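The values are calculated or read from the model by the stated rules, or taken from the named source; none is laboratory data. Since this is a predicted model, take the numbers as computed values, not measurements. Neighbour counts run over all protein chains shown; Cβ positions are idealised from the backbone, glycine included.
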Amino acid sequence: MGLIADAVLQDGGESIGVIPEFLATKELLHPGLTHVHITEDMHTRKAKMAELSDAFIALPGGLGTFEEFFEVMTWAQLGVHSKPIGLLNANRFYDPVVNLIDHAVETGFVRKEHRELISVAPTTDELLTAMLHHKNPDIPKWFDLDET
């Protein structure tokens, strides 16, 4: 995350940090961020990141990245957001994840329309182009959030 913030800031961009208080106090906060939001906990952090985001892109990463990606997918499935979602599949890193999701579709655990929420590409240029031209499929509601 620090390398991306460095590159964005070096090119004159805006880099916003959202970090829970328990990590900020351990001096894990990038010193050059344009804006910083300190949250009470990880749950609030993810909600704040989702609120501030125009889209979601998962770069190759570890367990936290996987968890955040699947949470964003679940929120899209539930109709909580309709923002673009992308996987940067550099060096085929996300092939096993894409295969897992495709397998879940084939076996009836995930709807094809939910799989179609994800753009996947091997380079940033290809992924951004795919996401800019992506139209979310017309998905029947998983359930109506407005019903009581």
Odd one out for ASN99, checked against (1) in a helix (DSSP H, G or I); (2) touching a residue at least 40 places away in the same chain (Cβ under 8 Å): (2)
Number of positions in segment 29-46 that are surrounded by 13 or more Cβ atoms within 10 Å (Cβ to Cβ) and farther than 20 Å from GLN10 by Cβ: 7
One residue from GLU71, GLU116 being under 20 Å from ALA130 (Cα atoms), out of contact with any strand residue (DSSP E or B) (no Cβ under 6 Å at 6 or more places or on another chain) and either modelled with pLDDT of 95 or more or surrounded by fewer than 18 Cβ atoms within 10 Å (Cβ to Cβ) (or both): GLU116
Single residue of LEU78, LEU3, LEU63 found to be assigned by TED's automatic domain parsing to the domain that holds LEU127, modelled with pLDDT under 90 and either exposed (fewer than 15 other Cβ atoms within 10 Å of the Cβ) or hydroxyl-bearing (Ser, Thr, Tyr) (or both): LEU78
Lone unmet requirement of (1) more than 20 Å from GLU68 (Cβ to Cβ); (2) loosely packed, with under 14 Cβ neighbours inside 10 Å; (3) out of contact with any strand residue (DSSP E or B) (no Cβ under 7 Å at 6 or more places or on another chain); (4) touching a residue at least 12 places away in the same chain (Cβ under 8 Å) for LEU9: (2)
